Amino acid sequence: MVLGPLADEINELRRRKRAIILAHNYQPDEVQDLADVVGDSLALSRAAAASEAEIIIFCGVHFMAETAAILSPEKTVLLPAIDAGCPLAEMADPEGIAALRAEHPGAAVVAYINTSAAVKAVSDYCCTSANALRVVRAVPADEIIFLPDQNLGRYVADRVPEKKIVIWPGYCRTHHRVRPEEVARAREAHPDAPVLVHPECPPEVTAQADFVGSTGQILSKVKSMEAEAFIIGTEMGILHQLEKENPGKKFYLLSPGLVCPNMKRTTPDRILESLRTMSPRITVEEPIRTQARRAVERMLAIG
Ligand code: CIZ
């Protein structure tokens, strides 16, 4: 997509204000093409922390910009799409965690990165879909309260049977609606294409896949495979990076429902407006920020 003068204006302001534009793998193609870095939420927060830029334009949803602000409080983190929430993140709250802790004394709380800063602040560890198995195995507790995604929780529980996993009943609206019949249908339409899906999909879907992983893991896996065509079971924005990184290969979306409306709220116009007005800014108040950072840093120490 050619953005012409709009892209020129964004580039001029980005250069003059020494800002960096970060875009999640699920963002619209034209937003990904404007970004300095495209990746998953953790890679982007790490890029924000490592960058010399003082202004971060975070193209994603609210909890992602919050994670960048947790790690880099000295920077100005702007979220062009201030209305881009994450219904999954909104399904968990500190009160619910306190109630579960009372029922399961001795259990450790592992919070998926798709949570608010307030929830991270009362959790022991954070994790992403890329390192959830590693984090849960490394936590020094036999019982784990895992939140908020039930499908990722189930995926972890099945692979770490030595621990008792108490699973929070949240779900990602976009991934949770993929149906097992869609896998069968996609395989029939593209018999030679392997099926790669995200662990936020229901267990009946992940059970049929050839590979289950985070967006970053799907991108790496595809590069290592010989196939010419792939069926992809995660949010459609990932197809743009897959196509860019693998010219000549074909990618088919597993289900037409794999579109996150919140991820599509960022537009080049909103990025330009953020650069012009230095808003909307995302900050995390103390002591929540320091408490949330502890869970994120424990995850980073595990890797
Ligand atoms: O960690 C992320 O950014 C999310 C939400 C998904 C993924 O697999 O990248």
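Read-outs: derived from the displayed coordinates by stated rules, not from any lab. Keep in mind that this is a model prediction, so the values were computed, not measured. Glycine gets a Cβ as well: all are built from the backbone with ideal geometry, and neighbour counts include every protein chain shown.
Evaluated over the Cα positions of the chain, the convex hull gives a direction-averaged projected area, one quarter of its surface, of 15.4 nm².
Take every pair of alpha-carbon atoms less than 8 Å apart whose residues are at least six positions apart; their mean separation over the length of the range 9-156 yields a relative contact order of 17 percent.
Working note: Cα gyration tensor of the range 64-110, eigenvalues times five, square-rooted, sorted largest first, giving semi-axes of 29, 15, 7 Å. A Förster distance of 51 Å, applied to the separation of the beta-carbon atoms of Asn11 and Phe211, puts the FRET efficiency at 0.85. Charged neighbours of Ala53, selected by a Cβ distance under 13 Å, balance to +2 (K, R count +1; D, E count -1). Put simply, when 281-289, 55-63 are sorted by average Cβ atoms within 10 angstrom per residue, most first, you get 55-63, 281-289. Each Lys or Arg adds one and each Asp or Glu subtracts one; over the other residues with Cβ under 12 Å from the Cβ of Ile282, this totals +1. With the helix formula -39500 (n - 2.57) applied to DSSP H stretches of n ≥ 4, the chain reaches a computed 222 nm mean residue ellipticity of -12000 deg cm²/dmol. Measure out, as a whole number of angstrom, how far apart the alpha-carbon centroids of the range 164-218 and the range 27-85 sit. Each part's Cα centre sits 27 Å from the other's. Summarising the strand pairing of the chain, around 5 percent of its internal DSSP beta bridges are antiparallel. Which residue fluctuates the most in the chain, going by a Gaussian network model with Cα springs under 10 Å, if the choices are Leu71, Leu100, Leu275? Fluctuation is largest for Leu100.
The residues packed around Arg173, meaning those with a beta-carbon under 12 Å from its beta-carbon, carry a net charge of -3 if Lys and Arg are +1 and Asp and Glu are -1.
In cubic angstrom, how much convex hull volume per residue do the alpha carbon atoms of the range 85-241 span? Provide the component values of the computation, followed by the final result.
Details: hull volume 17.6 nm³, N = 157.
Residue-normalised Cα hull volume stands at 112 Å³.
GNM on the chain, alpha-carbon springs under 10 angstrom: the most fluctuating residue among Ala19, Ala186, Ala102 is Ala102. Among 8-18, 144-154, the peptide with the highest mean count of other Cβ atoms within 10 Å heads the list, and the full ranking is 144-154, 8-18. Comparing Ala99, Ala111, Ala209 in a Gaussian network model of the chain (Cα springs below 10 Å), the most mobile by mean-square fluctuation is Ala99. Entry note, the chain: relative contact order of 23 percent, from Cα contacts under 8 Å with a spacing of 6+ residues.
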